[in-house]
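The values are calculated or read from the model by the stated rules, or taken from the named source; none is laboratory data. The shown structure was predicted, so the numbers you read here are calculated from the model rather than taken from an experiment. No Cβ is skipped: glycine too gets one built from the backbone with ideal geometry, and neighbour counts run over all protein chains shown.
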Amino acid sequence: MTSTTPPYSTDPSAFAAVDIGATSGRVIVGALGRGSLDLTEVHRFPNTPLRLPTGLHWNVPGLFQGVVEGLRSAGRTGRIASVGIDTWAVDYGLLDADGALLGLPHHYRDDRTRDLAEQVREQVGAPRLYGTTGIQHLPFNTVFQLAAARGSAQLEAARTLLLIPDLLTYWLTGTVAAEVTNASTTGLLDARTGGWSQDIAAAIGLDAGLLPPLREPGTPAGALLPHVAAATGLPSDTPVVAVASHDTASAVAAVPVTGSGGAYISCGTWSLAGLELDAPVLTEESRAANFTNERGIDGTVRYLRNIMGMWLIEECRRTWAARGRPLDLSALLAAAAQAEPLAALIDADAPEFLAPSDMPAAIAEHSVHTGSRPPTEPGAVIRCVLDSLALAHRRVLRRAAELAGREITRVHIVGGGSRNALLCQLTSDATGLPVVAGPTEATAIGNILVQARTRGLVGDLAEMRQLVADTQQLRHYRPQGDGRVWEAAERRLAAGARRPLVPGSDR
């Protein structure tokens, strides 16, 4: 989409963004021209986890093959100025002394850390962990995964730890480093100094020598190795740039916020809702509220909380399809729009939704504890999910504003969830704030713009975001209805959280 703003560059320049999520990866070519930013998806490939005797793993060699094929397709579109990779966070691969990968990386939804995470928190001290790293407690944080690997043959043989985007970059270029936006999610980076925390590494018995040098977004990561250049058909001098390699960091970089008062929700598999700050919030209140302080580009802090997102819907669809009832998403959303609003509620943060075998059953069971009538029909189940997500967006953003001492005047929803008009409207209704939805491809755009900035084609973060606002299609929503119904729903959910899920338990 072309705008009438002054040119950001004289001639079009194309950049290849490799963007890999929990279910698929794709390569998108972004062309910057005279006040334009045009995106073309040139390749898509599945990301299918492997269930092995050792647990749930990522097929990272398969992902790398998808990257190579995607770059080959990108090269056919014309000259590619550079390549950048972003993926999800926390998961890692281990390299031996020869640089060979030691086994397949574990998937963050593998259950090996579920009980251990709390043990580590008690051993190290939850206030100490948070006061150093500022990272929210999630059972799959890298620090807990590494604690689970203590004494294993792989960890004993390892000489280098690389997070997934850094591992793929290493296979493209042969260079070893850790990009900081992803490194900040591990629970091993010092939130104040920006360096690896020797203290936390020692506390979990980790050899800090495994942790590679850090690099900022926009740092050149090297050129393609000769065999990679031959396989992709790209010139051997094609540079790879370390972008904001945590996909959420790339997405936040492309939030088209101008001025103050904007909050964001990066909505995909997860809903990541929060604020962009200049400094971390490391208070005890912030720890108790389980907010995270992750690095963004240019030294910014992504102050946010993870909320279950579209995962809830996709897992419902997967379960229904496995029972011989495949359901189209658009039809489900239409049915949800007709379903009774706020009839059933769930706590979208509840741990039982992390990896259930039957998501509709988990939703029905949980809704009982909020005083709701369990939804049975698919449309009612999806409406329960969307109402509950909107309520979670309201709760998290309000608490973020309180803890950070900020006022929120509008909400930006980016990512795949920005296409969901019902969710966007419900979020506006629940928060009582206007919602700006889009761009859908925020992660790829952030990836591309960091590459473009490295070549001097776009300026600072504000200019990057202005370019997004000028060139991408955005949709606007205004609050509708009576906001008091959301306040009542909040009270219902809070009362449900105090009911024990199991007789005699503390939940």
Tell me, yes or no, whether region 72-86 has at least one residue that is of a type in the set (D, E, K, R) and either closer than 16 Å to ALA183 by Cβ or in contact with a Cys (Cβ under 6 Å, 6 or more places away or on another chain) (or both). yes
Options ARG399, ARG465, ARG410; residue that is closer than 26 Å to GLN136 by Cβ, in contact with a Lys or Arg (Cβ under 9 Å, 6 or more places away or on another chain) and of a type in the set (Lys, Arg): ARG399
For the condition out of contact with any Leu (no Cβ under 9 Å at 6 or more places or on another chain), at pLDDT 95 or above and not hydroxyl-bearing (Ser, Thr, Tyr), what is the one hit in ARG44, ARG34? ARG44
When the residues of region 13-29 are filtered to those that are at pLDDT below 95 and surrounded by 16 or more Cβ atoms within 10 Å (Cβ to Cβ), which remaining residue is farthest from PRO105 (Cα to Cα)? SER13
Please go through region 312-331 and give me each residue that is surrounded by 14 or more Cβ atoms within 10 Å (Cβ to Cβ) and either in contact with a Phe, Trp or Tyr (Cβ under 7 Å, 6 or more places away or on another chain) or not in a helix (DSSP H, G or I) (or both), ordered by number. LEU312, LEU327
Step by step: first the residues of region 53-72, then only those that are of a type in the set (A, V, I, L, M, F, W, C), under 22 Å from the mean Cα position of the chain (by Cα) and assigned to a helix (DSSP H, G or I), then the one that is nearest to GLN472 (Cα to Cα). Which residue is that? VAL67
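Residues checked against (1) touching a Phe, Trp or Tyr at 6+ places or on another chain (Cβ under 9 Å); (2) at pLDDT 95 or above:
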{"site": "ALA452", "(1), (2)": "yes, yes"}
{"site": "GLY456", "(1), (2)": "no, no"}
{"site": "MET464", "(1), (2)": "no, yes"}
{"site": "ARG484", "(1), (2)": "no, yes"}
{"site": "LEU493", "(1), (2)": "no, no"}
{"site": "GLY496", "(1), (2)": "no, no"}
{"site": "ARG499", "(1), (2)": "no, no"}
{"site": "PRO503", "(1), (2)": "no, no"}
{"site": "ARG507", "(1), (2)": "no, no"}
Go through region 126-152 and count every residue that is within 16 Å of ASP115 (Cβ to Cβ) and of a type in the set (D, E, K, R). 1
Can you list the strands (runs of 3 or more DSSP E) lying wholly within region 200-304 that have 2 or more residues being in contact (Cβ under 8 Å) with a residue 24 or more places away in the chain, within 20 Å of the chain's Cα centre (by Cα) and within 24 Å of HIS476 (Cβ to Cβ)? 262-267, 270-277
The listed residue being within 30 Å of VAL176 (Cβ to Cβ), modelled with pLDDT of 95 or more and β-branched (Val, Ile, Thr), out of ILE297, ILE265: ILE297
I'd like to check something: does region 479-486 contain any residue that is assigned to a helix (DSSP H, G or I) and in contact with a helix residue (DSSP H, G or I) (Cβ under 9 Å, 6 or more places away or on another chain)? yes
Under 23 Å from ALA494 (Cα atoms), surrounded by fewer than 21 Cβ atoms within 10 Å (Cβ to Cβ), in contact (Cβ under 8 Å) with a residue 12 or more places away in the chain and small (Gly, Ala, Ser): which single residue out of GLY432, GLY379 fits that description? GLY432
Residues satisfying the stated conditions in region 196-207, i.e. in contact with a strand residue (DSSP E or B) (Cβ under 7 Å, 6 or more places away or on another chain) and either exposed (fewer than 14 other Cβ atoms within 10 Å of the Cβ) or not small (Gly, Ala, Ser) (or both): TRP196
Can LEU32 be described as more than 22 Å from LEU224 (Cβ to Cβ), surrounded by 20 or more Cβ atoms within 10 Å (Cβ to Cβ) and in contact with a Ser or Thr (Cβ under 8 Å, 6 or more places away or on another chain)? no
For region 174-195, the count of residues that are among the small types (Gly, Ala, Ser), more than 22 Å from ALA149 (Cβ to Cβ) and surrounded by 19 or more Cβ atoms within 10 Å (Cβ to Cβ) equals 1
Can you find a residue that is of a type in the set (Gly, Ala, Ser) and under 30 Å from ARG323 (Cα atoms) anywhere in region 392-408? yes
Out of region 435-447, which residues are under 16 Å from HIS476 (Cβ atoms) and either surrounded by 24 or more Cβ atoms within 10 Å (Cβ to Cβ) or out of contact with any strand residue (DSSP E or B) (no Cβ under 8 Å at 6 or more places or on another chain) (or both)? VAL435, ALA437, PRO439
The correct count of residues that are in a loop (DSSP other than H, G, I, E, B) and either under 25 Å from the mean Cα position of the chain (by Cα) or touching a residue at least 60 places away in the same chain (Cβ under 8 Å) (or both) in region 125-173 is 11
Just checking, does region 87-97 include any residue being modelled with pLDDT of 95 or more, surrounded by fewer than 18 Cβ atoms within 10 Å (Cβ to Cβ) and either out of contact with any strand residue (DSSP E or B) (no Cβ under 6 Å at 6 or more places or on another chain) or among the basic types (Lys, Arg) (or both)? yes
Please go through region 393-421 and pick out each residue that is more than 25 Å from ASP19 (Cβ to Cβ) and in a helix (DSSP H, G or I). ARG394, ARG395, LEU397, ARG398, ARG399, ALA400, ALA401, GLU402, LEU403, ALA404
Suppose the filter is out of contact with any Leu (no Cβ under 7 Å at 6 or more places or on another chain), surrounded by 15 or more Cβ atoms within 10 Å (Cβ to Cβ), of a type in the set (Lys, Arg) and not in a strand (DSSP E or B); does ARG112 pass it? yes
